[in-house]
1. Multiplying the sequence separation of GLN15 and THR469 by 0.36 nm and subtracting their Cα-Cα distance, what value in nm do you get?
2. I want to check the label-to-label distance for LYS375 and GLN255. Put each point 7 Å from Cα in the C-beta direction and report it in nm to one decimal.
3. Using the count of nearby Cβ atoms within 10 Å as a rough guide to exposure, how do TYR416, TYR94 rank from fewest to most?
4. Be a star and scan the stretch 348-384 for residues whose amide nitrogen sits under 18 Å from the point 7 Å along the Cα-to-Cβ vector of ALA200.
5. Please state the charge dipole magnitude for the stretch 287-391, taken about the Cα centre, from unit charges on C-beta atoms (+1 on K and R, -1 on D and E), reported in debye and rounded to the nearest 20.
6. On a full-extension model of 0.36 nm per residue, what is the gain between ILE241 and ALA276, subtracting their alpha-carbon distance, rounded to one decimal in nm?
7. Could you work out how far helix 126-137 tilts from the main Cα principal axis of the chain, as a 0 to 90 degree angle to the nearest 10?
8. In the stretch 341-473, if the dipole is taken from +1 on Lys/Arg beta carbons and -1 on Asp/Glu beta carbons about the Cα centre, which of ILE367, THR347, PRO395 is farthest to the positive end?
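Only the coordinates and a few stated rules stand behind these numbers; no lab work does. Remember, it's a predicted structure, so these values are computed and weren't measured experimentally. Note that each Cβ is placed from the backbone with ideal geometry, even for glycine, and that neighbours are counted across all protein chains shown.
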Amino acid sequence: MNSDNYEFSKSSAPQTLSDYSSYSDKNWNYINDINSGVYNTSGQTLLQFDMTSIYNSNGFSDVSDLYLAIPTVMVATCSNGAAILPIAATTAGYSLCSLKSNYQNLIHQMEVVANGKTVSDMQPFANVIKNFKLLSELSATDLKSSATSLGLSEVLDNEKSVKFSTPNLLNSGSSVSGLVAALVPAAYPGVGLCNNLPFAFSDVAQGPVVASQNVNQNNQAILNRVNRIIDTSANSAYQNIYGAGITGSATVAPQAAIMSATNIINEFKPYYTVTATGIMTWYDVALIPLKYLCDCIDKMGLVKKMDLVMRIYLNTGAVQVQVQNPGLATVAYGTFSSNFGSTCPLTVNYLPAAVANGGIPLTTTLITAGLYVAKLPSSFGPTTAITLAGPSSHPMTACRCYYSTVQLEPSKALAYVESNTNKQIIYENFLYNQYSAIGVGSSFSQLVQSGIKNPIGVAIIPLISASNTFQATNISLTGVAGTFTTLPLGFSQYASPYDTCPATCSPISLTNLQVTLGGSNVLNTSLYYTYENFMEQVILAESLTSADIGIATGIISQSWWESNRVYWVDLARGQEADKASTRNLNISFVNNSQVIIDVLIFTVYLDKFVLNVETGQVRK
């Protein structure tokens, strides 16, 4: 629409005081989960909300306003075995760990039951497809204004700071005492695809060639996320705004900060602290609007009775990372163990510096990091147990679901109820498939869905497979190099504490892509799918963008997409008779890369139910 037409339409619209707002009142309240403060500490944590008691005969609740407030407690230690190493001298401890971009990555799957009918069933990796959908809808302005509240940053995770690392690392359990520097010639931020650099540094792996492409790149999004958490530790240099203030001396007068740690806790502000024994703890509140996770919640609108039960599985647990050369610029992170059920929602960030400059404490062999709901366990760690004396609790002791209460003018309320006793809700749902260990250069052809109705799109997301291998140096206790040993990578991208996946993906190329629906090819020809094809598919997919001028792919740029590929194919077009019929969905492609891949496939389709907004009754 031309801006002249918009301005003319705006000028022509009638204006009255009574129509400025349809609501006479709107307030907010919350309900706690029904877990009674009991949350799992490894694997996935089941979170349950029962909204059936929310009913107001004189008012309404807007279901699309629902959002979760999840109190998260992230903890990390540097240790030599199980012995915790104090990090009082480390000024950058606050940046050692951070949550991955988008709080939705805390959620693995979710089920919504309305009036006893399942309207959104349990499908795994909901965070992956919903993160992609959100990025396809946001704008650069959204990133600057409101995205921080959703756990994102003012910029996306930097695709220029990604490094694929398969180094010659120590085997698990080998000693590093007496290890000569020549045996570890380079700094490694981890194993596999890594994007965990909050600060820029000289990449010593590049050797004397200082002009190599993308050297000294860091992930600005991680830097923004770690800087969002207020450092209240004794090392804090937060300009004397937060924390204990200036202690003072014989020549310097003491000075209080504007807000103390107690003031921060009182308003649930995210903050970081470290104990004298070296236990680093981050407290945060994850705000997750449910309309971005479940489209049925976005489409239900105003109801008098919110007859909903929600079951949500959260990604909680711990990872344990092997460390070489701590406190040096050549520090290397090695293989890791984890007891997260699926997605690892945090990153262990790479700090290649001397201890005095914020590096890893000397003699560190393990970094253990965990993420929990509301409170810490007494001990944590997937292999070596790290004891936490006096487990800490979040000031918000339970998860909350906030909802709105709305009052309408009586005449409008009556008209709304009368016209919506049989309100048809049309919403998006999805089905998940995963195919593993697709070989280098291999062809893939598979029946993905059998008998599906009303599909509107399919997202194909290739990730680096756990089936890949790397060479590890078998080093003796005296530091003498032995033979090379081939070890499996052993983990998928979304499980890595070094990668920002599933907020990001991988630069895996798929060629000869074809999607067949009901026996007919969706694409005119098999595609060597490029960014131009992505734009064509996304622009035309109403489920991904509402823009009507020019190219619109949300905040996904060409350079970002080429490093984080999602292959979206629009399936929404067709005859009404075809849409109402059950059809088979087939996908074929070639793995055009030098690594073994896994593929996550999300088939998005339209579903429906009929809702009585006054009684909450659902027919499906």
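1. 156.7 nm
2. Taking the simple label geometry, LYS375 and GLN255 are separated by 4.0 nm.
3. With the sparsest Cβ surroundings first, the list reads TYR416, TYR94.
4. Counting backbone N atoms under 18 Å from the label point, the list is 350-353.
5. Here the size comes out at about 360 debye.
6. 10.4 nm
7. Relative to the chain, helix 126-137 is tipped by roughly 70 degrees.
8. Of the listed residues, the answer is PRO395.
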